[in-house]
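The values are calculated or read from the model by the stated rules, or taken from the named source; none is laboratory data. If you're wondering where the values come from, they're calculated on a predicted model, not measured in any experiment. Cβ placement follows ideal geometry from the backbone for every residue including glycine, while neighbour counts extend to all protein chains displayed.
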Amino acid sequence: MSNIIKINNLSKSYLVDDNPIPVLNGVSFEIPEGQFVAIMGPSGSGKSTLLYSLGLLDRPTEGKYFLDGKETSKLTDIELAKIRNEKIGFVFQSFNLLRRTSIYDNVRVPLVYSNVPEAKHKAMVIKALESVGLDAKLYKKHPSQLSGGEQQKVAIARAIINNPALILADEPTGNLDSKSGEMVMKVLQDLNKKGHTIILVTHETSTSEYAERIIRLRDGVVESDTKVSGRRYVGTEKYIK
């Protein structure tokens, strides 16, 4: 199995009053295709910065990042945008849905920036909604008419509509009650079973146990990188793997 992600000595600093403030300090690891990884750490540990770097939303200060075998540091902004649209799906804690826009138009946003003919959009939106367990008829509604769990499912449908190899989720259950959170984790696990690589940032231990591997950060470095010995599956008992 080949690696979809490989990072070597990745570092990131931000300028505050002309002074560089380090957030990531020489992070290195590899993630094989199809793996479900949780990134954990206390506030300020660098986990969200790492996720944004992996999603090509932020450029590292130093180090190398290979995505699907391609080194990304020298790519132009246009090239990075193309890769993001084709290979990466994003899911955020706050859903990031357009409030005054229909579910249909929210889900099809990535298609607008692709070469997919508009005639195919409706069928793809319906398929994406159904794949996350939503009634396709919801595409006529607006985000305010849905529950928090349903809105996050819509956000996941948007993330997967281009069938990306990599899904990045930043605290996807953070604004949800426990039942809705489990629904979202079931969707992510189902997508992982279909072959999507998933990287999840969370501060909740119970959520991280749905992954198969946990990378813990502290002060911008990898504190530990371990396989989950008692992985959880939604709707079943915890089991040892």
Exercise for the section: Mind listing whichever residues of the stretch 27-65 are under 19 Å from E209 (Cβ atoms) and of a type in the set (F, W, Y)? Expected result: F36
Practice task
Pull up the stretch 135-184, narrow it to residues that are basic (K, R) and modelled with pLDDT of 90 or more, then point me to the one that is surrounded by the fewest Cβ atoms within 10 Å (Cβ to Cβ).
Solution key: K140
Handout entry: Top-ranked residue in the stretch 27-49 [being exposed (fewer than 15 other Cβ atoms within 10 Å of the Cβ) and part of a strand (DSSP E or B); ranked as farthest from the chain's Cα centre (by Cα)]
Key = S28
Problem - Any chance S114 is in a loop (DSSP other than H, G, I, E, B), of a type outside the set (A, V, I, L, M, F, W, C) and within 17 Å of A165 (Cβ to Cβ) - result: yes
Completion exercise
If you go through K47, K70, K64, the only one that is farther than 21 Å from F90 by Cα and basic (K, R) is K64
Problem - Test: L80 is touching a residue at least 24 places away in the same chain (Cβ under 8 Å), of a type in the set (A, V, I, L, M, F, W, C) and in a loop (DSSP other than H, G, I, E, B) - result: no
